[in-house]
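Let me begin by presenting the structure, written as structure tokens, before commenting on it.
The values are calculated or read from the model by the stated rules, or taken from the named source; none is laboratory data. Predicted model only: the values in this text are computed from it and were never measured. Neighbour counts run over all protein chains shown; Cβ positions are idealised from the backbone, glycine included. These area figures cover heavy atoms from the full protein model, side chains too; ligands, DNA and RNA do not enter into them. Shrake-Rupley method; radii C 1.70, N 1.55, O 1.52, S 1.80 Å.
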Amino acid sequence: MTFIYKDITPEKRTEYKKQVCGPIFVFQTSYAEDEDRGIVFLSLGGQGNQPPERGEGPSYYNLIWEGCAIAFEAYHAIKRSDDGGSFFEFTITKVLIPTKSTKTLNDIKDAIIAGAQCYWSGIWEETLLLNVSFSGIEFY
């Protein structure tokens, strides 16, 4: 998978708003896209940069794959590793996969990880080491 970090155009924003599912707090000005596979990774705002124990809600995302929106929620933070370096922790607490999706769970997870890697590296303007964990996967 080759995602590319991009600024969102007004036309793309309008197109994607028609396809997303779940809450939209802030439709971000950038996104990650794998044009060859027809995948878009969108950040839709939220408070995921706050630890869940503070009582704040997560951040919200969509992975749109060939027109099928997969919603997910996550918390994120920069953490220090044992060797003194740092990494980006992306804790996905809920994934909502429509039953009409033709993609396997592993393909969806791989696409979320690759999209997140590209998106957050683009936001931070550097390649981030990413640690991703999943829980709460539901089909609807």
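Answer yes if at least one residue in the stretch 36-56 is among the hydrophobic types (A, V, I, L, M, F, W, C), within 17 Å of residue 112 (Cβ to Cβ), open to solvent by 60 Å² or more (accessible area, probe 1.4 Å) and touching a strand residue (DSSP E or B) at 6+ places or on another chain (Cβ under 9 Å), and no otherwise.
no
Every residue in the stretch 64-87 that is crowded, with 17+ Cβ neighbours inside 10 Å and within 16 Å of residue 130 (Cβ to Cβ), please.
Passing the criteria: 72, 74, 75, 76.
If you scan the stretch 50-79, which residues turn out to be charged (D, E, K, R) and touching a Phe, Trp or Tyr at 6+ places or on another chain (Cβ under 8 Å)?
Within the stretch 50-79, 73, 79 qualify.
I'd like the full set of residues that are of a type in the set (S, T, N, Q) and in a helix (DSSP H, G or I), limited to the stretch 120-140.
Matches in the stretch 120-140: 121 only.
Conditions first: (1) open to solvent by 50 Å² or more (accessible area, probe 1.4 Å); (2) touching a His at 6+ places or on another chain (Cβ under 6 Å). Residue 90 passes all but one, so which condition is the exception?
Only one criterion is unmet by residue 90, namely (1).
Rundown of residues vs (1) touching a Gly at 6+ places or on another chain (Cβ under 8 Å); (2) at pLDDT 90 or above, yes/no style:
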position: 47; (1), (2): yes, yes
position: 52; (1), (2): no, no
position: 61; (1), (2): no, yes
position: 72; (1), (2): no, yes
position: 80; (1), (2): no, no
position: 90; (1), (2): no, yes
position: 127; (1), (2): no, no
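List the strands (runs of 3 or more DSSP E) inside the stretch 26-119, counting only whole elements, that have at least 3 residues being hydrophobic (A, V, I, L, M, F, W, C) and within 11 Å of the chain's Cα centre (by Cα).
The qualifying strands (runs of 3 or more DSSP E) are 39-46, 68-80, 86-97.
Of everything in the stretch 82-113, what is of a type in the set (S, T, N, Q) and in contact (Cβ under 8 Å) with a residue 40 or more places away in the chain? Give them in sequence order.
86, 91, 93, 99
Confirm whether residue 13 is within 18 Å of residue 111 (Cβ to Cβ) and either part of a loop (DSSP other than H, G, I, E, B) or open to solvent by 40 Å² or more (accessible area, probe 1.4 Å) (or both).
So residue 13 does not fit the description; no.
From the list 61, 31, pick out the single residue that is out of contact with any Lys or Arg (no Cβ under 8 Å at 6 or more places or on another chain), of a type in the set (Ser, Thr, Tyr) and surrounded by 18 or more Cβ atoms within 10 Å (Cβ to Cβ).
After applying the criteria, what remains is 61.
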